[in-house]
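Okay, so here's the structure we're looking at.
The values are calculated or read from the model by the stated rules, or taken from the named source; none is laboratory data. Since we're looking at a predicted model, the values are computed, not measured. As a convention, Cβ positions derive from the backbone with ideal geometry for all residues, glycine included, and neighbour counts pool all protein chains shown.
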Amino acid sequence: MNAADGALLDAVRSLRWPARRKAPAGLAGDHRSWMRGISAEFEDYRAYRQGDDIGKIDWKLLARRDRAYIRLSTEQTVLPTMVVVDASASMAYPSATLEKWHFARHIAIGLASAAHNGRDPVGVAVASANGDGHYLPARNRRGIVHQILALLAGVAPGGSPRLAPVLDTVARRHPRARIAVVSDFLGDAEEILKQATERSAAGREVHAVHVIHTTEMSPSERPSLVVDPEEAQLKRPLTEYSRLGYIENFGDWRERLARDWRMAGASYTEVVTDAGAAQAVRRVVVPPETGSRA
Amino acid sequence: MIFLAPAFLVAAGIVAAGVVALHFLSTREPDTDLLPTVRFVPRVPVQATTITARFTDPWLLVLRVLLILLLGTALARPLIHPFVQPVSRIALVDVSRAVGSPGELADSAGSYVDGAAAVVFFDAGAREIEDGASDALEGLRDEAQWDRASRGSLSTALIAALRIASRLRDGADSLQLVVVSPFALEERDAATAEIRALWPGRIDAVRVAGAQQQPDEARTAERVEWADSGATGLWTQRETPDTIGGVRADDAVMVYPFVRRWQPAPDALESNAGTETAGGTESADAGETRVYARWMDGEPAAFERATADGCMRSVAIPLPTEGDAILRPDFQRFLAELEGPCGEPRDMTPLSDGFMAAFVGDEPLAPASEVPRRVMRTTPAVPWLLGFALVVALAELWFRRRLATGARAKRADEGIRRSRAA
């Protein structure tokens, strides 16, 4: 762990990541709490139906009303969180500093730390070119965040790995987990969105964290021939004229991407490398209407 | 070396300077950078033009500048003279019937013919002797070679001299014109003085003995017949009459809108055995038919046929019937010419001293710079320059293709290396 990693962990130490969706209402007693000793908060009464747990009957209310009612309560339960990280060649930018990759790595670590701070199990899966050796299932053990940090530190971004199969694997292995996708969405974005739509429609909480480098937002004004790192044949001249067209096209695409993810029922957060990783993490975990909180 | 059209050389220099300036502009592919979001960059041509501080493609620049200069020099028509001599001599030698002694002519002309830049023998026409002028001059001693029927023309000789002078002007500082002739009266015509004035300097006249005047040569016309009389087979009627603006008989000219209804019969011309003189008439032996008058377009208008007692003139010129044309002095002069003596008049009287003084002049030799330059479409150097330009153009094309091929191969190699690194 380097100094930047340490600074990030310090910055998000008090950050929590509340669930944005409630568990679906069902029969009382179906959702078991992962944590022992957590008190249930009273929420409402419901008339007793045949089959309900007799232990839930409020006897005092029965004495007053001469009718049986059971207590409904909101159970505190844990929400496993899986962070899926894109390690394709487009994330290795600029090639000299890998600033975009380190920023994505820090976001992933920050999200994992925020989830772990709320005692949620957290894990990570990396879509990389050298196979599926970068996977940690969601766990709540102490030190899981450092494990995740160590795993991400050993990843060298490159190649053109597809993110959708990794997302699918994570979703199947963790049916109830919250999923956060940290990527630049320059690869198989359509397939990822399709899976996210399905998972979100099934009630799962899905987050898209769109990582963008400052230079991608506003390229240099020096005329140059720009080449796609994942597709060497794709090269275009970046001139004064084409730069304006690029900014417009890129902005339109980001708008469409944000709209599509939000329409899919997922949350979409665009983070640029010139902002701090801690600030970016805070934007993801804290809903916009509630503002920031410790 | 001089240039007949130096403006082209200046233009070639300007264009070459422009090409040099253009080679400071570098049109090439710009530096390559990685950008993951390159797909959003609009498609535009993959080249950027920048101004560099040094030449690009120096060898290509050399070939292009050389090509432009060669073309400009070719269009400028350079004239290369190994050296310019102080004086070039043009010798005009009279070989007409006015010469009395061929031997004396050959003796007098010999020193001028030797070393002359051009030698012209003239009588009614002028012909330049390009090779063996001295031998040709020696051949004149043979009386049998003389055409005693040919009348000399100073005007014709001077015109030939002016043309030759235009050709020689660039190889000499001054031009000397020498005329070896008896200078008979019949050799002068109305245009002689004006043509003489075109020569910008002195003329060296070498007078030789003239031929004796034949006192009884003049014969009067026996009769004049008109074409529409059909008396002779010299004329055929035109299918469609046309008009012509004038007619000329020797020095007599009549300007009038004549309606031509007759044209020469084909056999009338074939019977003619004479040579044409500068006056437009032709000399003919007795019995021969010669053209006596011509329309302004050169078609014969009257024939003269020698007879035993004189000659007969057959005229296809209609008399003016309207206006006062027949009262005009030029018609009277023309009519007098028609009724004049048969055959060409021969007047061997020597030209007057006053004429000779004016003819010779008192100026120095003619400066070559004052002689008009002959209009030359090409000079000897032009085909060579164009040939070299063609070779350079092919070399430029080959070199440019070679550079383009090399650049493409280089970019392909870079692409392969980059894709392997990825």
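Scanning the range A:97-137 for residues that are among the charged types (D, E, K, R) and surrounded by fewer than 19 Cβ atoms within 10 Å (Cβ to Cβ) yields A:99, A:119, A:132. Inspect all residues belonging to the range B:265-284 and state whether any of them is modelled with pLDDT of 85 or more and more than 27 Å from residue B:157 (Cα to Cα). The answer is yes; a qualifying residue exists. The residues listed here are B:356, B:348; of these, the one that is of a type in the set (A, V, I, L, M) and in a loop (DSSP other than H, G, I, E, B) is B:348. Hey, does the range A:254-271 have a residue that's within 18 Å of residue A:100 (Cα to Cα), among the aliphatic types (A, V, I, L, M) and either within 14 Å of chain B (Cβ to nearest Cβ) or under 23 Å from the mean Cα position of the chain (by Cα) (or both)? Yes, the range A:254-271 contains a residue that is within 18 Å of residue A:100 (Cα to Cα), among the aliphatic types (A, V, I, L, M) and either within 14 Å of chain B (Cβ to nearest Cβ) or under 23 Å from the mean Cα position of the chain (by Cα) (or both). Is at least one residue of the range A:194-208 crowded, with 20+ Cβ neighbours inside 10 Å, within 12 Å of another protein chain (Cβ to nearest Cβ) and farther than 23 Å from residue A:116 by Cβ? Within the range A:194-208 (the criterion being crowded, with 20+ Cβ neighbours inside 10 Å, within 12 Å of another protein chain (Cβ to nearest Cβ) and farther than 23 Å from residue A:116 by Cβ), the answer is no, since none of the residues qualifies.
Residues of the range A:237-250 that are facing chain B (nearest Cβ under 7 Å) and either in contact (Cβ under 8 Å) with a residue 12 or more places away in the chain or touching a Cys at 6+ places or on another chain (Cβ under 7 Å) (or both): A:237, A:238, A:239, A:246, A:250.
Taking the range A:70-91 as the range and being surrounded by fewer than 24 Cβ atoms within 10 Å (Cβ to Cβ) and within 14 Å of chain B (Cβ to nearest Cβ) as the test, only A:89 passes. Screening residue A:234 against (1) within 8 Å of chain B (Cβ to nearest Cβ); (2) in contact (Cβ under 8 Å) with a residue 12 or more places away in the chain; (3) more than 25 Å from residue A:261 (Cα to Cα) leaves a single unmet condition, (2).
Does at least one position in the range A:147-161 carry a residue that is more than 14 Å from chain B (Cβ to nearest Cβ) and among the polar types (S, T, N, Q)? Yes, the range A:147-161 contains at least one residue that is more than 14 Å from chain B (Cβ to nearest Cβ) and among the polar types (S, T, N, Q). The condition of being more than 30 Å from residue B:4 (Cα to Cα), touching a helix residue (DSSP H, G or I) at 6+ places or on another chain (Cβ under 7 Å) and of a type in the set (Ser, Thr, Tyr) holds for residue B:153.
Just so you know, in the range A:209-222 the residues that are modelled with pLDDT of 90 or more and part of a loop (DSSP other than H, G, I, E, B) include one that is farthest from the other protein chains (Cβ to nearest Cβ), and it is A:218.
In the range A:111-125, the residues that are in the same structural domain as residue A:177 (by TED's automatic domain parsing) form Cβ pairs under 6 Å with partners that are aromatic (Phe, Trp, Tyr) and buried (at least 24 other Cβ atoms within 10 Å of the Cβ), at six or more places apart or across chains, as follows: A:114/A:17; A:115/A:17; A:118/A:17.
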